[in-house]
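Right, I'll just put the structure down here and ask away after.
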Amino acid sequence: MNADSTKDQVSRRGFLGVSSAALVTAVGVLSAAGAAAQDRSKTDPGPANPPLDAQNPDSAWPPATDSKSLVQNFKYPFSFANKRTYKGGWSREVTVRELPVSKDMAGVNMRLTAGGVRELHWHTADEWAIVLYGSARITAIDRDGKSFVADVKKNDLWYFPSGIPHSIQGLDPDGTEFMLVFDDGDFSESETVLLSDSMAHLPPEVLAKNFGVAEQALKNVPKQELFIFQTAVPGSLEADQQAAAGTLGKSPSDFAFRTMEMPPTKRTKGGEVRIVDSSTFKASTNVAMAMVTVHPGGMRELHWHPNADEWQHYIAGKARMTVVSTGNRARTMDFQAGDVGYVEKTLLHYIENTGDTDLIFLEMFKSGFYQDLSLSEWLAHTPPELVMAHLNIDKATLDAIPRDELVILPR
Ligand code: MN
Ligand code: MN
């Protein structure tokens, strides 16, 4: 970015930062001063939503480098998602129906109170998850029918492959909130196979025969799905693990991963990244994660992913991202905590911290392996004369470009 565009950014942000009342006054003063002398192009006298505009400065007044032909929308805030509420918690989702570009992945955000249960179920997509708050007990069985029961806390992950039945329950003192990511944009949390639902749709005499009990004993089985319900907080983990293991024994598979127990994959002055894929988290066969922290003033460097689309969840702070698309198109959008972002496979992008606190976000991929290419690294490993001829830069400038991928700037 050159000095001019920096100044332009600052004044544009400053302009949007003032209150709507001050804005009206400023516009009034300008017209009084003589409208003929002023360029009125960047005024917006019609109906407006100032708080929303202020959160999206790069949509309201895009940088001059954005193209006028649009890149498909790649942002959807969870704030817009309709919550399904229950006694025991809630869920909301952002799928291809809300964000049409997100064909490869969908996200479900869920809250469970202490004791609140996401009922026993399974689905056709693989489920990757990260705990955002509190702690939970998760249960599953593996492909051999052996049991898995574990407690997870903030930043821990879990992974349940398609067809593997599982449950989640909030623990003391205040339950949990987590983000589920599915390897199918068309996924919906409303279309899972639930235990209660399945039982309600089977003739009672068949159920009785299947379980070898009298029909009368099953008369109180729910007639409708539970989905999320409130019950008591479970007892000790060891007791649950032993009871569930029975004679088969515990599963040798670990469906959970302790993200913070691994050192950052890369750390620079600008921040750090933890990459977790099937090479570190064996169960995560079809989803890879990069958890990125960018300090104020820092930036996730220009890069692209040759192997998969990127689904993003913004956990903290503020950011902007430009996606350079095919056909001479580019678009810049702004993000904050709770937003979903999406970048299609191979498209060039950066994520800049535009706030004054740490920016934390997830890069998610429908792939067993994390893969990216850095623009700087590419240019540094291409014959210099060729690069200089393209960019009209001198040798000193080319030499200053980082030789290696830094991931997060500054180095
Ligand atoms: Mn599930
Ligand atoms: Mn990326």
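Can you tell me which residue is least open to solvent (accessible area, probe 1.4 Å) among those in region 187-209 that are of a type in the set (Val, Ile, Thr) and not in a helix (DSSP H, G or I)? Before the answer, list the steps.
Initially, region 187-209 is screened for residues of a type in the set (Val, Ile, Thr), giving 192-193, 206.
Subset that is not in a helix (DSSP H, G or I): 192-193.
Values: Thr192: 17, Val193: 56 Å².
Per the criteria, the residue is Thr192.
Related question: Applying the selection to region 295-318, what residues are open to solvent by less than 10 Å² (accessible area, probe 1.4 Å) and either within 12 Å of ligand 2 (Cβ to nearest atom) or among the polar types (S, T, N, Q) (or both)?
Those that are open to solvent by less than 10 Å² (accessible area, probe 1.4 Å) and either within 12 Å of ligand 2 (Cβ to nearest atom) or among the polar types (S, T, N, Q) (or both): Arg300, Glu301, His303, His305, Ala308, Glu310, Trp311, Gln312.
Can you pull out every residue in region 321-351 that is in contact with a helix residue (DSSP H, G or I) (Cβ under 6 Å, 6 or more places away or on another chain) and either of a type in the set (D, E, K, R) or within 10 Å of ligand 2 (Cβ to nearest atom) (or both)?
Residue satisfying the conditions is Asp334 alone.
Could you please let me know if Ser325 is of a type outside the set (Asp, Glu) and farther than 24 Å from Phe80 by Cβ? Can you show your working first?
On the way: of a type outside the set (Asp, Glu): yes; farther than 24 Å from Phe80 by Cβ: no.
Considered against the rule, which asks whether it is of a type outside the set (Asp, Glu) and farther than 24 Å from Phe80 by Cβ, Ser325 comes out as no.
Continuing with the same structure: Scan region 224-250 for residues that are in contact with a Leu (Cβ under 8 Å, 6 or more places away or on another chain), open to solvent by less than 50 Å² (accessible area, probe 1.4 Å) and assigned to a loop (DSSP other than H, G, I, E, B) and jot them down.
Phe227, Pro234
Would region 271-280 turn up any residue that is within 12 Å of ligand 2 (Cβ to nearest atom), of a type outside the set (Gly, Ala, Ser), on the phi < 0 side of the Ramachandran plot and in a strand (DSSP E or B)?
There is at least one residue in region 271-280 that is within 12 Å of ligand 2 (Cβ to nearest atom), of a type outside the set (Gly, Ala, Ser), on the phi < 0 side of the Ramachandran plot and in a strand (DSSP E or B).
Just give me the residues in region 60-82 being within 13 Å of Ser102 (Cα to Cα) and aromatic (Phe, Trp, Tyr), in sequence order.
Phe74, Tyr76, listed by residue number.
Taking the conditions exactly as written (within 16 Å of ligand 2 (Cβ to nearest atom) and open to solvent by 40 Å² or more (accessible area, probe 1.4 Å)), does Glu385 satisfy them or not?
Answer is no for this residue.
When the residues of region 37-47 are narrowed to those that are open to solvent by 60 Å² or more (accessible area, probe 1.4 Å) and in a loop (DSSP other than H, G, I, E, B), which ends up farthest from Asp339 (Cα to Cα)?
Filtering region 37-47 for residues that are open to solvent by 60 Å² or more (accessible area, probe 1.4 Å) and in a loop (DSSP other than H, G, I, E, B), the one farthest from Asp339 (Cα to Cα) comes out as Gln38.
Please report, ordered by residue number, the strands (runs of 3 or more DSSP E) entirely within region 334-378 with at least 1 residues that are more than 16 Å from ligand 1 (Cβ to nearest atom), within 13 Å of the chain's Cα centre (by Cα) and surrounded by 20 or more Cβ atoms within 10 Å (Cβ to Cβ).
339-343, 359-365
The values are calculated or read from the model by the stated rules, or taken from the named source; none is laboratory data. These numbers were taken from a predicted model, which means no experiment stands behind them. Here the Cβ is made from the backbone with ideal geometry for all residues, glycine too, and neighbour counts use every protein chain on show. Ligands, DNA and RNA are stripped out before the accessible areas are found, and what is left, the full protein with its side chains, is counted by its heavy atoms. Shrake-Rupley method; radii C 1.70, N 1.55, O 1.52, S 1.80 Å.
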